[in-house]
Amino acid sequence: MSEACTPDGRVARMQFERTALDGVAMIDLEPYEDTRGFFARAWCHREFAEHGLGAEFVQENVGFSSSAGTLRGLHFQRSPFGEAKLVRCTAGAVWDVAADLRPASKTYLSWVGVELSAERRNMLYVPEGCAHGYVTLTDAAEVRYLTSEFYASDAVAGVRYDDDALGIEWPRVISLVSEQDRSWPLLTDSRPERPGP
């Protein structure tokens, strides 16, 4: 558990919980609330580094989906533009997935899925070398995420959300997927360049 002082000297906390996927972590905020509302720390390079999550973030992206059942992913950037992500849902709720594409990892081709919601204000840290995607659980869902690398159009890549090699168990019917996301290669058909070490 990491601590930060609130403006009036009390303690705000972030809780870091490792998932079954190597290097992927859930982060929960513990806001300090008073009559004004609440205060919480959502990012601190030193505290994240203490938990082995030492990415330097350089960009923030926002995705909005109007309908529940919308899927985005699974995306990554190829080396040398591999990126870590810190993902949070700021409106509605999504089911967020990280899939390990690092051949040297002990959790290679494994995945983890977690619910992120605006109400809970939780986050998922996705390390370089993992593909990332999500399906919206509510209408009007918004996702914001920090990345450790700038967008590089020539390095954008992905894998299919329904690839049997990953076996992701999506929690609801997927009703909308872009043509690009429907067309990523299957890992069983080819060996696309991996995103990270």
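Here are some notes:
- Count of residues meeting criterion [more than 24 Å from Asp22 (Cα to Cα) and of a type in the set (A, V, I, L, M, F, W, C)] in the range 32-58: 3
- Residue in the range 87-94 that is within 17 Å of the chain's Cα centre (by Cα) and modelled with pLDDT under 95 present: no
- Some residue of the range 70-79 being crowded, with 18+ Cβ neighbours inside 10 Å, assigned to a loop (DSSP other than H, G, I, E, B) and touching a helix residue (DSSP H, G or I) at 6+ places or on another chain (Cβ under 8 Å): no
- Test result for Ala40, hydrophobic (A, V, I, L, M, F, W, C), surrounded by 17 or more Cβ atoms within 10 Å (Cβ to Cβ) and modelled with pLDDT under 85: no
- Residues in the range 154-169 that are on the phi < 0 side of the Ramachandran plot and not in a strand (DSSP E or B): Asp154, Ala155, Val159, Arg160, Tyr161, Asp162, Asp163, Asp164, Ala165, Leu166, Ile168, Glu169.
The values are calculated or read from the model by the stated rules, or taken from the named source; none is laboratory data. Since the structure is predicted, the reported quantities are computational estimates derived from the model, not experimental observations. So basically every Cβ, Gly included, is an ideal-geometry build from the backbone, and we count neighbours across all protein chains shown.
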